[in-house]
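Everything on this sheet refers to the single structure shown next.
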């Protein structure tokens, strides 16, 4: 599969984004869920490119979806999506997850380690192809950018190659259920 970005552009994005991250003295500012949600697409992609897959979460992880700034009505679409979508429930026992929406759980995916469509490196893949009629053409991938914090890309399978629809941020927490 053709990778979404070449290594050169990934390196450039990483250098630009990391140079722009705030710091406290010589220490980089620690990553939090809220900081990730406030970052630009370029910064999030750079963090994603620099991270390894990490560990598959267990249980509920809260999430925020981010539409690209160039998308039509990106701000309102992001706001609406986050009013409805709350995160994901991961079940490593059967290598699956189910999305948590406002009041309901729906849209299942299979989870596995695989090759990123972004850069060809290892990633945690969340694949809806065989588990969801509605999101059959969707495939997510994510990486752990800090302990319990994940940055992900949602792809739509398109010809001639997949395209990124949204990015998302997840935070593993001690929450027993989605809110």
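Every read-out reported here was derived from the displayed coordinates using simple, explicitly stated rules and does not represent laboratory data. Nothing here was measured: the structure is a model prediction, and the numbers come from that model. Neighbour counts are summed over all protein chains in view; Cβ atoms, including those assigned to glycine, are modelled from backbone coordinates with ideal geometry.
Between residue 130 and residue 105, the simple label model (points 7 Å from Cα in the Cβ direction) yields a spacing of 2.1 nm. What residues of the range 86-110 lie in the reach of a label at residue 55, counting those whose backbone N is under 14 Å from a point 7 Å from the Cα along Cα→Cβ? Inside the label zone: 92-93. Using a Förster radius of 25 Å, what is the FRET efficiency between residue 158 and residue 82 based on their Cβ-Cβ separation? Nearest 0.05, please. Step by step, r from the Cβ atoms, then E = 0.55.
Once the Cα-Cα distance is subtracted from the 0.36 nm per residue extended length, the residue 94 to residue 40 segment shows a gain of 16.0 nm.
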